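**Student:** Please find one structure pasted underneath; my questions will follow.
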Amino acid sequence: MLTLDLTNEPRWHDLTPGVRVQLRPLTTALMVATRSDPAVEVVPEDASDEERAVAFAKALARRAVLAWEGIGDADGNAFDPSPEAIDALLDVWPIFEAFQLTYVSKGLLLEQEKNVSAPLPSGPSAGATDTAKLARKRAKTARQG
């Protein structure tokens with residue numbers, strides 16, 4: 001069963017020990033606005049999935065982060081989030097991963113859950129999507145003996 005939180009209040013998310021961010025709820029409006037963000041739209045067509053993920057995560061975080069704790073400058077002074085600081089925060093690999101897992105993927109998992117399992121019209125993998133990229137050219141055959 002899908003549980004709706006009708007309060008739509010911002011929530012605190014722990015990203016790493018001692019670092020947490022207050023984020024807006026991951027709504028349809030937020031996702032649509034992020035998809036049309038100029039930083040996302042300028043990502044080249046031939047960019048890798050990873051490059052697209054970073055651009056999207058940063059654009060989403062710039063819209064979603066309201067406050068944070070445990071983040072400061074080189075002298076240890078706390079400061080408020082800004083677009084540049086949010087981008088710098090997501091350049092830290094463990095923070096990026098935690099943001100993806102605790103915030104972004106929870107919204108995307110809802111899409112996958114739907115009826116608890118993928119459609120299986122004619123076998124165990126019929127409803128699955130391809131994850132491997134197509135090969136650019138045929139592989140050479142192995143040398144014999």
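The values are calculated or read from the model by the stated rules, or taken from the named source; none is laboratory data. Source: prediction; values computed, not measured. Please note: Cβ atoms are built from the backbone with ideal geometry, for glycine as well, and neighbour counts cover all protein chains shown.
**Student:** Can you list residue pairs whose Cβ atoms sit under 6 Å apart, with the first residue in region 74-86 being modelled with pLDDT of 95 or more and the second being surrounded by 10 or more Cβ atoms within 10 Å (Cβ to Cβ) and not in a loop (DSSP other than H, G, I, E, B)? Count only pairs 6 or more apart in sequence or on different chains.
**Tutor:** Taking only residues 6 or more apart or on different chains, the pairs are Pro81/Val65; Pro81/Trp68; Pro83/Arg62; Ile86/Ala61; Ile86/Arg62; Ile86/Val65.
**Student:** Find all pairs meeting these conditions: Cβ atoms under 8 angstrom apart; at least six residues apart or on different chains; first residue within region 33-55 and among the hydroxyl-bearing types (Ser, Thr, Tyr); second residue assigned to a helix (DSSP H, G or I).
**Tutor:** Cβ pairs passing all conditions: Thr34/Val40; Thr34/Phe56; Thr34/Ala59; Thr34/Leu60; Thr34/Arg63.
**Student:** Kindly indicate whether Leu90 is over 30 Å from Arg136 (Cα atoms) and modelled with pLDDT under 95.
**Tutor:** No, not satisfied.
**Student:** Let me ask you something else. Which condition number does Thr102 fail, the rest of (1) under 19 Å from Arg11 (Cβ atoms); (2) surrounded by 14 or more Cβ atoms within 10 Å (Cβ to Cβ); (3) modelled with pLDDT of 95 or more being met?
**Tutor:** Of (1) under 19 Å from Arg11 (Cβ atoms); (2) surrounded by 14 or more Cβ atoms within 10 Å (Cβ to Cβ); (3) modelled with pLDDT of 95 or more, only one is false for Thr102: (3).
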